[in-house]
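Peer 1: Let me begin by handing over the structure; questions about it come next.
The values are calculated or read from the model by the stated rules, or taken from the named source; none is laboratory data. Just so you know, these numbers come straight off a predicted model, no measurement behind them. Cβ: placed from backbone, ideal geometry, glycine included. Neighbour counts: every protein chain shown.
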Amino acid sequence: MGIDFSSCFAKQAVADGVDILSLSLGPNTPSGYSNVTFLNVFDVALLSAVKSDVLVVQAVGNSGPNPKTVLSFSPWILSVAAGVDDRSYPHYVTLANNMSFSGMGLARK
């Protein structure tokens, strides 16, 4: 019999009085073609944490079933994803000592 890691850490987080669980793990692919895709041990353990007033934040990646979509099966989890853009706006920052650094900005100005 294996150890249910997800149940263990969710229960321990609640017992320790954790306010937020920030996770960088989750599904890589859709779990079949079922209408009920979130009833796995991992997501049920996170539901238990949410019911105990723990905010669960999960990085969901960018590998959803279609272009520009993500995978997140549980509506009780705050899902966070990154975006990729085909635009780049080079910008420069010059400090008071005249050191200059280059980087990318969000707009042209």
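Peer 1: From the list Ser74, Ser63, exactly one residue is at pLDDT below 85, in contact with an Asp or Glu (Cβ under 8 Å, 6 or more places away or on another chain) and in a loop (DSSP other than H, G, I, E, B). Which is it?
Peer 2: Only one candidate qualifies: Ser74.
Peer 1: Restricting attention to the stretch 15-38, report how many residues are more than 17 Å from Val60 (Cα to Cα) and at pLDDT below 85.
Peer 2: 5
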